[in-house]
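The values are calculated or read from the model by the stated rules, or taken from the named source; none is laboratory data. Quick caveat, the model's predicted, so the values are computed rather than measured. Here Cβ is always computed from backbone atoms with ideal geometry, including for glycine, and neighbour counts include all displayed protein chains.
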Amino acid sequence: MNISDSDWKSKLTEKEYRVLREKGTEPPFSGKYNLHFNNGVYLCKGCNEVLFDATSKFESGCGWPSFDSEIKKGKIKEVLDKSLGMLRVEIVCANCNSHLGHVFNDGPTATGLRYCVNSISLNFKEK
């Protein structure tokens with residue numbers, strides 16, 4: 001998906017652009033989907049690609065929405081992140097390369113994963 005920087009700026013709010021395109025983050029416990037547990041699917045704010053099912057969401061206490069798996073393999077791309085003097089794995093939408101957050105190997109479910117996602121990077125579609 002090839003969208004110009006000016007098109008992204010016209011499509012997204014300033015805060016959305018900072019997170020999705022400049023790899024920013026929203027403050028912990030501030031996002032609208034942090035404690036949101038309705039039945040449905042979470043989509044990429046950048047392109048509306050379905051990324052997570054609500055059944056994979058759990059309360060991690062970290063301050064951001066957390067999921068233990070993507071809805072289908074290949075929907076999320078992992079990128080090595082060496083910023084901030086640490087080694088992490090960034091997650092981006094595989095369709096439009098929008099920054100979502102990071103994935104960690106400390107999840108409490110059988111997958112052992114915690115996809116820690118910015119609410120501002122997501123839309124929600126109720127089932």
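Is there any pair with a first residue in the stretch 35-48 that is over 13 Å from ILE71 (Cβ atoms) and a second that is part of a loop (DSSP other than H, G, I, E, B) and of a type in the set (Phe, Trp, Tyr) whose Cβ atoms are under 9 Å apart and which are 6 or more apart or on different chains, and what are they?
Once the first residue is over 13 Å from ILE71 (Cβ atoms) and sits in the stretch 35-48, its partners that are part of a loop (DSSP other than H, G, I, E, B) and of a type in the set (Phe, Trp, Tyr) give LEU35/PHE29.
Which strands (runs of 3 or more DSSP E) sit wholly inside the stretch 61-127 and have at least 1 residues that are β-branched (Val, Ile, Thr) and touching a residue at least 12 places away in the same chain (Cβ under 8 Å)?
Filter on the stretch 61-127 gives 76-81, 88-93, 99-104, 114-117.
Going through the stretch 30-74 one residue at a time, which ones are among the aliphatic types (A, V, I, L, M) and either under 14 Å from the mean Cα position of the chain (by Cα) or farther than 16 Å from PHE124 by Cβ (or both)?
Answer for the stretch 30-74, where residues must be among the aliphatic types (A, V, I, L, M) and either under 14 Å from the mean Cα position of the chain (by Cα) or farther than 16 Å from PHE124 by Cβ (or both): VAL41, LEU43, VAL50, LEU51, ALA54, ILE71.
Going through the stretch 1-21 one residue at a time, which ones are within 17 Å of the chain's Cα centre (by Cα), assigned to a loop (DSSP other than H, G, I, E, B) and without any contact (Cβ under 8 Å) to a residue 60 or more places away in the chain?
Within the stretch 1-21, LEU12, THR13 meet the criteria.
Would you point out the residue of the stretch 76-95, among those that are in contact with a Phe, Trp or Tyr (Cβ under 9 Å, 6 or more places away or on another chain) and either surrounded by 16 or more Cβ atoms within 10 Å (Cβ to Cβ) or modelled with pLDDT under 95 (or both), that is farthest from GLY24 (Cα to Cα)?
ILE76
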